[in-house]
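Enquirer: The following block contains the structure, expressed as structure tokens.
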């Protein structure tokens, strides 16, 4: 029996490899986004703690210089949060781009897999016709042969 050999198998393999690479890149981008979001969360937690310290300091007798230091540190934290928000936005854009590229790679691979499936079906159909013709020929030869 003949075996199926798809002439564009290397292209199919390449498309699958490209899809896998796109998945890895997306995974890395998602990891970076998660890291940036975690850092932003920590900055916001720190800001909330320092705001609570400032609130407690205003209810107690605390030197003005301490209040100024806390205020300056809160300003610094706010600036860090704004920068981190930009980092999160950049990371989100990178994730969106990676998802888009992955979707394209998946579509491309699917096109080639469908072409391979069509070639397989064509091969299988041709093989069935060949087998049927051989069976028909055997039946014809038996019919024509005289009985002993």
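The values are calculated or read from the model by the stated rules, or taken from the named source; none is laboratory data. Nothing here was measured: the structure is a model prediction, and the numbers come from that model. Here the Cβ positions follow ideal geometry from the backbone for every residue, glycine too, while neighbour counts run over all protein chains shown.
Enquirer: Condition (residue is outside any helix (DSSP H, G or I) and over 30 Å from residue 43 (Cα atoms)) applied to region 126-146: is it met by at least one residue?
Expert: Checked against the condition, which is being outside any helix (DSSP H, G or I) and over 30 Å from residue 43 (Cα atoms), region 126-146 yields at least one hit.
Enquirer: Is one or more of the residues making up region 2-24 under 22 Å from residue 79 (Cβ atoms), surrounded by 14 or more Cβ atoms within 10 Å (Cβ to Cβ) and in contact (Cβ under 8 Å) with a residue 40 or more places away in the chain?
Expert: Within region 2-24, not a single residue is under 22 Å from residue 79 (Cβ atoms), surrounded by 14 or more Cβ atoms within 10 Å (Cβ to Cβ) and in contact (Cβ under 8 Å) with a residue 40 or more places away in the chain.
Enquirer: Here is a further query. Could you tell me how many of the residues in region 50-66 are in contact (Cβ under 8 Å) with a residue 12 or more places away in the chain and more than 52 Å from the chain's Cα centre (by Cα)?
Expert: Final tally of qualifying residues: 0.
Table: residues versus (1) in a helix (DSSP H, G or I); (2) touching a helix residue (DSSP H, G or I) at 6+ places or on another chain (Cβ under 9 Å); (3) modelled with pLDDT of 95 or more.
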| site | (1), (2), (3) |
| --- | --- |
| 67 | yes, yes, no |
| 81 | yes, yes, yes |
| 88 | yes, yes, yes |
| 92 | yes, yes, yes |
| 97 | yes, yes, yes |
| 100 | yes, no, yes |
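Enquirer: Hey, among 36, 45, 92, which residue is surrounded by fewer than 12 Cβ atoms within 10 Å (Cβ to Cβ) and either farther than 30 Å from residue 6 by Cβ or without any contact (Cβ under 8 Å) to a residue 12 or more places away in the chain (or both)?
Expert: 45
Enquirer: Conditions: (1) more than 30 Å from residue 116 (Cα to Cα); (2) in a loop (DSSP other than H, G, I, E, B); (3) in contact with a helix residue (DSSP H, G or I) (Cβ under 8 Å, 6 or more places away or on another chain). Residue 6 meets all but one. Number of the miss?
Expert: The single condition residue 6 does not satisfy is (1).
Enquirer: Next question. Please verify whether residue 62 is farther than 30 Å from residue 10 by Cβ, modelled with pLDDT under 95 and not in a helix (DSSP H, G or I), treating the condition exactly as stated.
Expert: yes
Enquirer: Does region 109-125 hold any residues that are surrounded by 15 or more Cβ atoms within 10 Å (Cβ to Cβ) and either under 13 Å from the mean Cα position of the chain (by Cα) or closer than 16 Å to residue 19 by Cβ (or both), and which are they? If you could, list the steps in order and put the result at the bottom.
Expert: Going through region 109-125, the residues surrounded by 15 or more Cβ atoms within 10 Å (Cβ to Cβ) turn out to be 109, 112, 116, 119, 123.
109, 112, 116 - these are the residues of region 109-125 that are surrounded by 15 or more Cβ atoms within 10 Å (Cβ to Cβ) and either under 13 Å from the mean Cα position of the chain (by Cα) or closer than 16 Å to residue 19 by Cβ (or both).
Enquirer: Among (1) in contact with a helix residue (DSSP H, G or I) (Cβ under 6 Å, 6 or more places away or on another chain); (2) assigned to a helix (DSSP H, G or I); (3) under 30 Å from residue 120 (Cα atoms), where does residue 13 come up short?
Expert: (1)
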